[in-house]
Amino acid sequence: MKKCLLFFFIQFIVLNIYCQEIRDAKISIDLNQESEKISPLVYGQFIEFLGRCIDGGIYDENSTLSNEQGFRKDVLRSVQELKTPLLRFPGGTVVKIYHWKDGIGKKTDRPKRKNLIWGGIMDNHFGTAEFVQYCREIGAEPFLVVNMSTDSPNDASDWVEYCNGTGDTYWSNLRRSHGYIEPFNVKYWGIGNEEYAKPDAGKDQNVNKYIEDSWQIIKLMKLQDPGIKITLVGNCDDLAWSREVVSQMHQVCDFLSVHFYSMPGDSKYTTLLQSVEQFNIRLDSMKAIINKVPSKVKDFPFFYRFPPRSEPLKIAIDEWGIWDIKSGKGTGTYNLEYPYNWSHALAVGKFLNLFQRNADIIGLATWAQTVNVLAPIISTEAGSFRQTVYTPLQAYRQYSQKNNLPIVVNSPEIENKLKIIDATASISDDKKEIVIAVLNLSENKHVKTTINFINLKNIRKFKLENQIIYSAPSLDATNTFKKDIVKETQIKSEINSKKEFELTFQPASINFLIFKMSDE
Ligand code: AHR
């Protein structure tokens, strides 16, 4: 009997230490601080001719689950509900061998080509018009990336004319003859992809060559449509490359591309979080580079015949996500189909907090990729389901407000520099709603957190109206066709006029706190 009591007592103590321990954190928000617009384009997505992302993912002409355009209806619904504002296409590395002219006109006449980069065959039935149509269906702006390796500068210019031309000229007329009378109005264009990558099939791995070729391509494209916005290839692992591109091309560079893949070196949760944390350093380096550039371009020679960049140069994180090779769980082409678990969803939240905090320098971001490959949505011939990472991707888009609000977070650490509480705040244009996104990244500790608002001066009514909590049974839990492990809890709260709130966040949770205020 004594032994039994002792056993229960020890168990009680252990449980208290590991599961119930409550730690303290403090969040302060000063409403006098300047807020910064969060670009809506920061919540974009990316698709590429890689494995089953496009063919067999979003597009499958032979499936009974597809509509008459060949779009998988179940997948389309999930992509629509992601509410992405921007979709990048056709790659990625594949851009270096992709010829856009293969993907226009009657589908049966389109050439089939070997996908020299990722393997398999591209029948080109999903081409420019289908991509634009898909963007319309999901409510996203199209973002096209040109092939500067095996297509010519003239091809890039023709693509702009085919998409945006309004005159009585060859490529505009060809588009019309394909059934698209109105121009596609594609505003966002990338010049190449990771052109510095030595093993790739590109030809401009020397930065000066990249600059020389890009200048010519951009001139020809902008002469077709001066309103397009240009993304150029930067590199956060080679700052000299980025510096050179910015200093020689800032007049025509709207966005400088960097790719942020978390590639944890082992399968530990903290390694995953640290791999996201280190992007703070990369962003700071990129910030130092782009902040040297004048926000307005002066003295741009008239004889370019198109206007220069008109807004401050921003960073485009046009591929980001989690490439968890060390999990050993990937399948499909290049093992890029991962079962993302709840720890990955928390890491996505950490990425998005980072993006919101750096709203002043990030102009757009597109998660790589969308279906099957490194993806929030998995499809088979029989159906599809949403992975854990779908939850934060969707929720941040749904709940965040349009402007970021500086926030000070005092939190205990999981380990070196890794805060347990990772939070950001955003505020609506009319200043009537504040949203705080709070991640409790501890695996097993509740965190009691004081949230303190400073300078609420004329606000008479202030309330925490709604709390949305996402959690899961364990860090390694994954969604499958049969079950969705993500639990969503909504707590409506009573009106009150407090300026200080005390809340306890459960372990491994993503939380959105919606505050409403008015001066009536
Ligand atoms: O997203 C997969 C690949 O990762 C892309 O093709 C390439 O740009 C990046 O290295």
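Residues whose amide H falls under 5 Å from that of ASN466, counting only those 5 or more places apart or on a different chain, are SER493, ILE514, with hydrogens built in the peptide plane.
Each residue of the range 371-385 was assigned a 3J(HN,Hα) from its phi angle through the Karplus curve 6.51 cos²θ - 1.76 cosθ + 1.60 (θ = phi - 60°); the sequence is 10, 6, 8, 6, 10, x, 10, 10, 10, 10, 4, 8, x, 8, 8 Hz, with glycine and proline shown as x. The separation of the range 461-512 from the range 224-269, counted between C-alpha centres, amounts to 35 Å. When a 1.4 Å probe is rolled over the protein heavy atoms, the share of accessible surface on the chain that falls to carbon and sulfur comes to 51 percent. Selection among ASN455, ILE436, LEU220 by position relative to the dipole of the chain gives ASN455 as farthest towards the positive end (Cβ unit charges, Cα centre). Relative to one another, the C-alpha centroids of the range 427-443 and the range 310-352 are positioned 23 Å apart.
Computed from backbone phi with θ = phi - 60° and the Karplus coefficients 6.51, -1.76 and 1.60, the 3J(HN,Hα) list for the range 32-38 is 7, 6, 5, 9, 10, 5, 8 Hz; x is used for glycine and proline.
Rounded to the nearest 20, the size of the Cβ-charge dipole of the chain about its Cα centre is 960 debye, with Lys and Arg at +1 and Asp and Glu at -1. Selection among ILE510, GLY349, LEU283 by position relative to the dipole of the chain gives ILE510 as farthest towards the positive end (Cβ unit charges, Cα centre). Against the longest principal axis of the chain, how steep is helix 207-224, in degrees 0 to 90 to the nearest 10, with axes from Cα atoms? Taking Cα atoms only, the helix is inclined about 70 degrees. Only protein heavy atoms count here; under a 1.4 Å probe, MET263 has an accessible surface of about 100 Å². Given a 1.4 Å probe and the protein chains as shown, THR480 ends up with an accessible area of around 60 Å².
Assign one of three labels to the range 39-399, namely rounded, prolate or oblate, based on the Cα gyration tensor with a ≥ b ≥ c the square roots of its eigenvalues; rounded applies when a/c is under 1.5, prolate when it is not and a/b is larger than b/c, and oblate otherwise. Oblate is the answer for the range 39-399, as a/c is 1.5 or above yet b/c matches or exceeds a/b. Cross-link partners among lysines for LYS431, C-alpha distance below 17 Å, same-chain residues fewer than 8 apart left out? Filter leaves LYS37, LYS402, LYS457, LYS461, LYS463, LYS499, LYS516.
With 0.36 nm allotted per residue and the present C-alpha distance subtracted, the GLU520-ASN291 stretch has 78.4 nm of extension available.
Model label points for ILE121 and ASN173, set 7 angstrom from Cα along the Cα-to-Cβ axis, are 3.5 nm apart. Here each label is just a point 7 Å from Cα along the line to Cβ, and for TRP215 and VAL408 those points are 4.8 nm apart.
Does the range 14-145 classify as rounded, prolate or oblate by the C-alpha gyration tensor (a ≥ b ≥ c root eigenvalues; a/c under 1.5 gives rounded; else a/b over b/c gives prolate, otherwise oblate)? Write down the numbers at each step before the final one.
Working: a/c = 2.51, a/b = 2.00, b/c = 1.26.
The shape class here is prolate.
Given the Cα-Cα distance of GLU415 and ILE491 and 0.36 nm per residue of separation, how much length would full extension add, in nm? Write down the numbers at each step before the final one.
Working: separation 76, 0.36 × 76 = 27.36 nm, distance 3.10 nm.
Difference between extended and current length: 24.3 nm.
The HN-Hα couplings worked out from phi for the range 496-504 by the Karplus form 6.51 cos²θ - 1.76 cosθ + 1.60 (θ = phi - 60°) are 8, 10, 6, 9, 10, 10, 10, 10, 10 Hz, whole numbers, x standing for Gly and Pro. For CYS253, the residues 5 or more places off, or on other chains, whose built amide H falls under 5 Å of its own are ARG309. For the chain, the longest principal axis of the C-alpha atoms and the axis of helix 73-82 are separated by about 60°. Solvent-accessible area of LYS483, all protein chains in place: 120 Å² (probe radius 1.4 Å, heavy atoms, ligands and nucleic acids excluded).
The calculated FRET efficiency for TYR261 paired with ILE281, based on their beta-carbon distance and R0 = 22 Å, is about 0.90. The angle between the Cα long axis of helix 2-15 and the longest principal axis of the Cα atoms of the chain comes to about 40 degrees, rounded to the nearest 10.
Applying the criteria of a DSSP loop state and at most 12 other Cβ atoms within 10 Å to the trypsin sites (Lys or Arg not before Pro) of the range 74-177 yields LYS106, LYS112. Dipole size of the range 390-464 about its Cα centre, with +1 on Lys/Arg Cβ and -1 on Asp/Glu Cβ: approximately 440 debye, rounded to the nearest 20.
In a DSSP loop and with at most 11 other Cβ atoms within 10 Å, the GluC sites (Glu not before Pro) in the range 60-95 are GLU68. With protein chains left intact and a 1.4 Å probe, residues in the range 39-399 average 37 Å² of accessible area per residue. The gain in end-to-end length when the GLU381 to GLN398 segment is fully stretched comes to 3.2 nm, 0.36 nm per residue minus the alpha carbon separation.
The values are calculated or read from the model by the stated rules, or taken from the named source; none is laboratory data. It should be emphasised that the depicted structure is a prediction, and the values quoted were computed from it without experimental measurement. Cβ sites come from the backbone with ideal geometry, for glycine too, and all protein chains shown count toward neighbours. When the accessible area is computed, the model is the full protein with side chains, heavy atoms only, and any ligands, DNA or RNA have been set aside. Shrake-Rupley method; radii C 1.70, N 1.55, O 1.52, S 1.80 Å.
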